[in-house]
Amino acid sequence: MNSKSIWNDSAKISPRKSLASNISADVCVIGGGIAGLLIANRLKDSGLNVVVVEAKTIGSGQSSNTTAKITYQHGLIYNRLISTIGKDKATQYAQINRRAVEEYESLINRQNIKCDFVRLPAYVYSLEENNPIMEEYHSAKECGIDCYLTDSTHLPFKVKQALVFRNQAQFNPVKFISQLSTGLKIYENSPVVEVKSDLVITEKGSVKADAIVFATHYPIVNTRGMYFPRLLQSRSYCLAIRGGKTLDGMYYPADKGGLSFRNYKDFTIVVGEGHITGDNPKGDKYSRLRQSVAQIFPDSTEVAHWSAQDTMSIDSLPFIGKYCVTTPNWYVATGFGKWGMSLSMVSAMILDDLINNRKGGYKSLFSPRRFHPSSADNLCRMVGKAVTGISKEVFKSPKDSIEDIPTGEGKIVEYNGEKVGVYKDEDGNIFAVDVRCTHLGCQLEWNGDEKTWDCPCHGSRFSYKGELIDNPAQHNLNSITPKD
């Protein structure tokens, strides 16, 4: 059974060389996911010399694990935005995300990108109650969105109510990346080790650039911008099945614990069991999702499973703009939540205007310098989560020893007076690592579903061998060799 997304083998992405010299450019984009590539492509089209540096290979991160919905139907967001930032700004959010969908279609047609792009409606549905859907409907209407209510859907179960946004879109993200990237100057396997003013330094070379864009999913520089207390990361789990159902659109749940659905060719993709990164000690998310799918589609067959990670901001809006006051030539695009496809294009449009000194709307809406008083409670909750993660290292003593760990599982144990993260494989081989995150030192937690060490503070993830998987950490964990 494939443990990679169905997108991974759908298209071949040409490999690129590593950066092995010191070069210069007008713009250096750090990060080769869809956001970074869209930003680079748009800036290139505006006449700038753009270089992309990617730590691994382009599209190998969250972009290849997305459900690839290009939509401005972002759950129950418009009612919340109207209540927190007002109707005018909520309408701006709808307008620029609608433009993003149109920009995708225009770009795909202009560059003849074959990526299975199709226009479809997007549903947000509830099995439990009507009121949240009704409130979102009225708010969406206030924001000028073409939508309607229904209690009749193509889902194989009855819903209480659903809100439908007409004319949204979906596509294959890896096919899109494969073709979009052909005209870009990209260096792969070139992790950034330091950024100084106008210099991006990698392991074997550097890029001197007038403008630097951080499109790394989560910002990798802590000392500027103070993003780490304003962002949280969450994970969700995906199954691709055959024998599901042909749907007329994309479906997203309004209810806590609900499931998301979309089709791709003869597959049905089902997503659910979300949780804050670093909070999956039982490792039962895939099994719970499989149980739900078996109940809904009893004759289905699983063909692939994978997981995704989303970076969430404290006020549900992304941070797109200048990185911080003291670095006027640095820019950032992060905090997309579960809506990275549309907001990646929004980032490309906004940063293109900023870097080219054009007048353009929407900049204040997404400004990284903003702070809404209504988000104070969320900030306290997120900071509290980080403090809890750090406190665990200081106050909690592990009860287990290496001998107590069953094969195929991982736990934190005490070894020679120190806390150690230990995984014991099916053959009884021991893999031990320093259990402190290399980002800011929070204690990592074991994720049994994916056999990884995950950070509950800021979402960094490491393999059981200590290899870095997801930022903001930039370094592997220290491995430890237990002695008899």
Q) At a Förster distance of 56 Å, what's the computed FRET efficiency of LYS256 paired with LYS185, Cβ-Cβ distance as r, to 0.05? A) 0.80
**Q.** Antiparallel %, DSSP beta bridges [both residues in the chain], to 5
**A.** 75
Q. In terms of solvent-accessible area of protein heavy atoms at a 1.4 angstrom probe, what is the ranking of LEU38, LEU354, highest value first?
A. LEU354, LEU38
Q: Excluding residues on the same chain fewer than 8 positions from LYS56, give the lysines whose Cα lies under 20 Å from its Cα.
A: LYS4, LYS12, LYS17, LYS175, LYS185, LYS204, LYS465
Q: Please calculate how many Å² of accessible area the chain carries per residue, with a 1.4 Å probe and no DNA, RNA or ligand atoms counted.
A: 42
Q: Using only the Cα atoms, work out Rg/Rh for region 320-362, with Rh taken as the Kirkwood radius, to two decimals.
A: 0.98
Q.
Modelling each spin label as a point 7 Å along the Cα-to-Cβ direction, I'd like the SER83/THR326 distance in nm, to one decimal.
A. 3.8
Q. Excluding ligands and nucleic acids, what accessible area in Å² is computed for ASP353 using a 1.4 Å probe, to the nearest 10?
A. 40
**Q.** Dimensionless Rg/Rh of region 188-316 - Kirkwood Rh, Rg from C-alpha atoms
**A.** 1.11
Q: Check each of the chymotrypsin sites (Phe, Trp or Tyr not before Pro) in region 144-206 and keep only those in coil by DSSP with at most 13 other C-beta atoms within 10 angstrom; list them in order.
A: PHE157
Q.
Give the lysines reachable from LYS160 as a straight Cα distance under 29 Å; neighbours fewer than 8 places away on the same chain don't count.
A. LYS69, LYS87, LYS141, LYS245, LYS256, LYS265, LYS285, LYS338
Q. When the accessible area of the chain is computed with all protein chains present and a 1.4 Å probe, what percentage of it is carbon and sulfur?
A. 47
**Q.** Difference of contour (0.36 nm per residue) and Cα-Cα distance, ASP210 to ASN357
**A.** 51.6 nm
Q) Are there trypsin sites (Lys or Arg not before Pro) in region 95-195 that DSSP puts in a loop and that have at most 11 other Cβ atoms within 10 Å, and which ones? A) LYS158
Q. How would ASP255, ASP116 rank on accessible area, largest to smallest, probe 1.4 Å?
A. ASP116, ASP255
Q | Karplus (6.51, -1.76, 1.60) ³J(HN,Hα), θ = phi - 60°, over region 232-240, in Hz, Gly and Pro reported as x | A | 9, 10, 10, 10, 9, 10, 10, 10, 10
(Q) Using a Förster radius of 56 Å, what is the FRET efficiency between GLU129 and THR57 based on their Cβ-Cβ separation? Nearest 0.05, please. (A) 0.80
Q.
Under a Cβ-only charge scheme (Lys and Arg +1, Asp and Glu -1), can you give me the dipole magnitude of the chain about the Cα centre, in debye to the nearest 20?
A. 1220
Q. For region 123-253, what's the radius of gyration and Dmax over Cα atoms, in angstrom?
A. 21.9, 58
Q | Hits among aspartates and glutamates - C-alpha to C-alpha of LYS419 under 13 Å, sequence gap 8 or more where chains match | A | GLU393, ASP400, ASP434, GLU445
Q: Jot down the radius of gyration and Dmax of region 69-192, Cα atoms only, both in angstrom.
A: 17.6, 50
Q. Could you state the number of Å between the C-alpha centres of region 68-116 and region 196-219?
A. 28
Q: Could you compute the FRET efficiency for THR407 and SER292, with r as their C-beta to C-beta distance and R0 at 35 Å, rounded to 0.05?
A: 0.80
**Q.** Cα-centre dipole for region 165-297 with unit charges at Cβ (Lys and Arg positive, Asp and Glu negative), debye to 20
**A.** 280
Q) When the chain is fully extended, how far beyond the present Cα-Cα distance does ILE276 get from ASN429, taking 0.36 nm per residue of separation? A) 52.1 nm
**Q.** Over the chain, relative contact order from alpha-carbon pairs under 8 Å, at least 6 apart, %
**A.** 17
Q. By the scheme Lys and Arg +1, Asp and Glu -1, what is the net charge of all other residues having a beta-carbon under 13 Å from that of GLN111?
A. +2
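The values are calculated or read from the model by the stated rules, or taken from the named source; none is laboratory data. This structure is a prediction, so every number in the text was calculated from the model and none was measured. So basically every Cβ, Gly included, is an ideal-geometry build from the backbone, and we count neighbours across all protein chains shown. Heads up: the accessible areas ignore ligands, DNA and RNA and are worked out on the full protein's heavy atoms, side chains in. Shrake-Rupley method; radii C 1.70, N 1.55, O 1.52, S 1.80 Å.
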